[in-house]
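The values are calculated or read from the model by the stated rules, or taken from the named source; none is laboratory data. Computed from a predicted structure; not experimentally measured. Cβ placement follows ideal geometry from the backbone for every residue including glycine, while neighbour counts extend to all protein chains displayed. We work out accessible area using only protein heavy atoms, side chains counted, and drop any ligands, DNA or RNA first. Shrake-Rupley method; radii C 1.70, N 1.55, O 1.52, S 1.80 Å.
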Amino acid sequence: MIDTFLTHYNYYAVVALLGIGVYMLVESSNLVKKVIGMNVFQTGIFLFFVTAAYRSGAGPAVVHEGGGPYVSPLPHVLILTAIVVGVSLTAVALALIVRIYAEYGTLDEEVLRELDHD
Amino acid sequence: MIEHAPVLVIALPIVGGALPLLFGLFADRLGWPIAAVTLLGQTVLAVALATTVVDGGAVSYVPGGFVAPYGIELVVDGLSAVVLVLIAAVSLGVLAYARRAGPHADSFYAQYLLLVAGLSGMTATGDVFNLYVFLEITGLAAYGLVASGRSASAAVAALKYLIVGTIGASLYLLGAGYLLAATGTLNMADLAGTLAEAGYDSTLVLTAFGLMIGGLAVKVALYPLHTWQPDAYADAHDTVSTLVAALVSTVAAYALARLLFSVFTVGFFDAVPIAQTALLTVAAVSIVAGSLLAVAQSDVQRMLAYSSVSQFGLVIAGFAVGTQAAIVGALVHLVGHAVMKGGLFAATGIVERRTGARRLAEYAGLGERAPVTAAGIAVLLFAMVGVPPAVGFVGKWYIVVGAVEAGTWSLVVVLLASTLLTLAYFARLFERMYFTAPPSASTTDATPVPDGGNGREAVSTGMVAVVVAAALLAVVLGGTAPLVEQIVEQTVSTFPHP
């Protein structure tokens, strides 16, 4: 148990981030906190990719004489793309929240639901 | 030229999508012509590509010279060619509707074309991570489009769509990560082989399957992951609901089929029968629950939205059965549903503009008030229920035949019951339109308004023509089943005939 923790603590962090993200998303009624939860959830996934690419003793993938073994650069590149996607999503989400706040004057999901029913 | 078509179907709408904003700085109202020219080009490209593929087999394209499986590969085979033509044709048709219906902002046309680019990319890609990127491009464009609706409630619906949709796409990304960890590759064709080596029943592969299919099921809006969908469809602008209801879930369902048959393959179902049972169960629950929720609605657009939950259950059930007939049926129903549901949403937009009716009760006597639109709705309703020879009948017929062949009798029962359930909610609408007198309150405008004339809000002949064209297509498309059968035979390895 302690052994796996010491060698796999990154994966525990992944699970924790995913869990915290989903919990914030589901449990908080504040729209901005929901978006933050979404970001934390995505960060968990980013950490998973980067951790999976780790190889102990390996160098960066710049091929040279006697340089191996190398770390696969692919997951890092994927995550750079995914981060860009995540930033765009956050921007759109915040823009929508600004419009909702301007219209209803609240960021609370419960209040919004009541207003919608009236 | 034609050898570059797989990348051009993605690049053309992206470039076209930048132009309305650029030219919007100098002149007004250039958005529609730019979008029209772009989508005409897109349609020509898609049809040319489809004819090449049907004659000469799958076309593969490697952008930037990074050879597959290391680089990203674009692959267009018969299955994707059908969906590409569908995307181009439907988006062109909806654009004709948008000419009068609006919204007229330049940014609307930019997002419209970006959505087409994302959908085409999802269809043409041969790489699971690239699919994620296009899934999010599609999503971003769709969230923006939904938010451009008539009221602020559209922004709330769009935010809900964004949050749920992002979780779906993130689950898909996590699944792709598991696949990468299990096999070290992301190329679909390459994965089909390496997954078999890694072992279909390994925990990594099973988890990847669950996460990826679950993520896409959110985008398809299968019950109980459909919660974003009715609000998004009902609160969005009519043009947007027509486009989104016709295409977005359709292409997500296509992507799910692509994963099933090109990445996991039927060998996975053979090795892990529980995965097939699980998918079939979700689909069957979706069929029944979607129909029941649709029966309970009083708002016509929400009823249509819940009907989509049920119809996509049918499509996914067809794919999950995995025999050739079932896949043909699922593909026919996928295309048919896009045309029928798009046509129905376009028609409800016309009805609302002309009479202000949104609720089922307000549709009373529509047969007299707007005869052509009402007739279009009626044809589309019966096509959806599955009256022969319409496309809805052909699709369901093939799915049922496939399910019988595979011996999944409980699914056969659900499929047959689904027809009755579909009839249950659509018959109410039909009855209101033709057999209920218009309410006395509306006698002020009970005089029949000629279609294409001036009602409360302008409705152009073109908008009505789109509905009529969809109704005609819904009847005629059923005849394309033999062609689909040939395509599926060429491109998909299925369960053998028993």
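Key figures for this structure:
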read-out: Solvent exposure ordering (accessible area, 1.4 Å, most first) of B:419, A:43; value: A:43, B:419
read-out: Between region B:69-137 and region A:34-83, the Cα center-to-center distance that results, in Å; value: 29
read-out: Mean separation of Cα contacts under 8 Å, 6 or more apart, over the residue count of chain B: relative contact order %; value: 14
read-out: Region A:2-117 - accessible surface per residue (Å², probe 1.4 Å); value: 59
read-out: Spatial separation of Cα centroids for region B:193-243 and region B:262-283, in angstrom; value: 15
read-out: Separation in nanometres of the label points that stand 7 Å from Cα toward Cβ, at residue A:12 and residue B:490; value: 5.6
read-out: Accessible area of residue B:398 in the full protein assembly, 1.4 Å probe (Å², nearest 10); value: 50
read-out: Stretchable slack from residue A:95 to residue A:107, in nm (0.36 nm times residue separation minus alpha-carbon distance); value: 3.0 nm
read-out: With DNA, RNA and ligands ignored, accessible area of residue B:477 (1.4 Å probe; Å², nearest 10); value: 40
read-out: Sequence of A:103, A:110 from largest to smallest accessible area, 1.4 Å probe; value: A:103, A:110
read-out: Exercise: per-residue mean of other protein chain Cβ atoms within 10 Å, A:33-42; value: 3
read-out: Net +/- balance of residues flanking residue B:263 in space, Cβ distance below 11 Å, scoring K and R +1, D and E -1; value: -1
read-out: Percent accessible area from carbon and sulfur atoms, the protein assembly as shown, protein chains only, probe 1.4 Å; value: 68
read-out: Lysines with Cα under 25 Å of residue B:396, excluding same-chain neighbours fewer than 8 positions away; value: B:219, B:341
read-out: Size of the A/B contact, given as accessible area buried on both chains, probe 1.4 Å, in Å²; value: 2500
read-out: Heavy-atom surface of region B:277-498, accessible at 1.4 Å and reported per residue (Å²); value: 36
read-out: Additional length obtainable on full extension of the chain from residue B:29 to residue B:55, 0.36 nm per residue less Cα span; value: 5.3 nm
read-out: With all protein chains modelled, accessible area of residue A:11 [1.4 Å, Å²]; value: 80
read-out: Label-point separation in nm, residue B:288 to residue B:44, each point 7 Å along Cα→Cβ; value: 5.2
read-out: With Cα atoms, 0 to 90° folded angle of helix A:31-53 axis to chain A main axis; value: 10
read-out: For residues of A:73-79, the mean tally of beta carbons on other chains within 10 Å; value: 3
read-out: Förster-model FRET efficiency, 25 Å R0, residue A:83 and residue B:202, C-beta, rounded to 0.05; value: 0.30
read-out: At least 40 Å² of accessible area lost relative to the chain alone, listed for region B:147-174 with a 1.4 Å probe; value: B:152, B:155, B:156, B:159, B:162, B:163, B:166, B:167, B:170, B:173, B:174
